[in-house]
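Notes to accompany the following structure.
The values are calculated or read from the model by the stated rules, or taken from the named source; none is laboratory data. None of the values given here were measured: they were computed from a predicted structure. Positions of Cβ are backbone-derived with ideal geometry, glycine not excepted, and every protein chain shown enters the neighbour counts. When the accessible area is computed, the model is the full protein with side chains, heavy atoms only, and any ligands, DNA or RNA have been set aside. Shrake-Rupley method; radii C 1.70, N 1.55, O 1.52, S 1.80 Å.
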Amino acid sequence: MYQVLIIDDDVALTQMLAEYLEQNGFAVDVQNSPLSAIAEIREKSFDIVLLDVMMPELDGFETLKQIRAFSIVPVIMLTAKGEDYDRILGLELGADDYLAKPFNHRELLARMKALTRRLDDLSSFNQVQNLEFHGIKIEESSQRALIANHAVDFTSTEFHLLVLLMKHAGHLLSKEKLSEEVLGRRLSAFDRSLDMHVSNVRKKLAQHGIENVIKTTRGSGYIFMSEL
């Protein structure tokens, strides 16, 4: 059973959401205080975190920063703000997905199930054993990306994206395929989530001296270069 942590100061909403998720097979913990939630994530293992943005004690963006300082747990941000700036900021800070309030519970459930399918995929990793390009090595046993024997702090979404691109090195992967495989949903016209995840992967590779390995084919998709 997947363990979910809801971080939101809205007590009524969290109770209702927790009941819904429990009815759909998730084990749910609730924290109405982001500081208490951060401490709990340090102590316990969660599969998914649902994180509200608008909280008085500590907003969701700062909470996410603190979580990402020590954990790559998948995070879906929930907020009344639906503007592009807030969505992009959340993704830049390491959120795996983003859903604006008010949201349809079925839509949230679908996105959570997409994350759990990805977790299952990563736990049965036989097909990517010994995957290595340009000094980037995928370590099957710990599900990490290593550069010069140092682990790169990719989120689970970024890691899955990188693995998929590396598995198809030298071949164009369409945005439609990547969205369905990585985010678990069809690509929509104004959804920049995939592009932001690609940007984050590039930035983290560049911090380790690896650049220009992921090429953009405008309007089509991305290619991980098998040769530079």
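Give me the accessible area of Phe70, 1.4 Å probe, in Å² rounded to the nearest 10.
Probe radius 1.4 Å; accessible area of Phe70 about 70 Å².
I'd like to know which of Thr79, Ile7, Ala37 lies farthest towards the positive end of the charge dipole of the chain, counting +1 on Cβ of Lys and Arg and -1 on Cβ of Asp and Glu.
Thr79
Accessible area per residue for the chain in Å², computed with a 1.4 Å probe and the full protein assembly in place, what is it?
Using a 1.4 Å probe on heavy atoms only, each residue of the chain averages 49 Å².
Enumerate by residue number the GluC sites (Glu not before Pro) in region 133-228 meeting two conditions: DSSP loop (anything except H, G, I, E, B), and at most 16 other Cβ atoms within 10 Å of the site's Cβ. Working shown, then result.
On the way: sites: Glu139, Glu140, Glu158, Glu176, Glu180, Glu181, Glu211, Glu227; in loops: Glu140, Glu211, Glu227.
Answer by residue number: Glu140, Glu211, Glu227.
For the pair Met1/Arg186, report the inter-label distance in nm, with labels modelled 7 Å from Cα in the Cβ direction.
Between Met1 and Arg186, the label points sit 3.4 nm apart.
Please give the charge dipole size of the chain, origin at the Cα centre, charges +1 on K and R Cβ atoms and -1 on D and E Cβ atoms. Round to the nearest 20 debye.
Computed about the Cα centre, the dipole is about 820 debye.
Which option, [x] 17.5; [y] 18.1; [z] 20.5, is the value of Kirkwood radius over Cα pairs in Å that was calculated from these coordinates?
[y]
Number of Lys-Lys pairs in the chain under 14 Å by Cα, sequence gap 8 or more or different chains?
Lysine pairs, 8 or more places apart or on different chains, close enough: 5.
Per DSSP H run of at least 4 residues, take -39500 (n - 2.57); add these up for the chain, divide by its residues and hand me the 222 nm value, nearest 500 deg cm²/dmol.
One gets -12000 deg cm²/dmol as the mean residue ellipticity at 222 nm.
Report, to the nearest whole %, how much of the accessible area of the chain belongs to carbon and sulfur atoms, 1.4 Å probe, protein only.
46 percent
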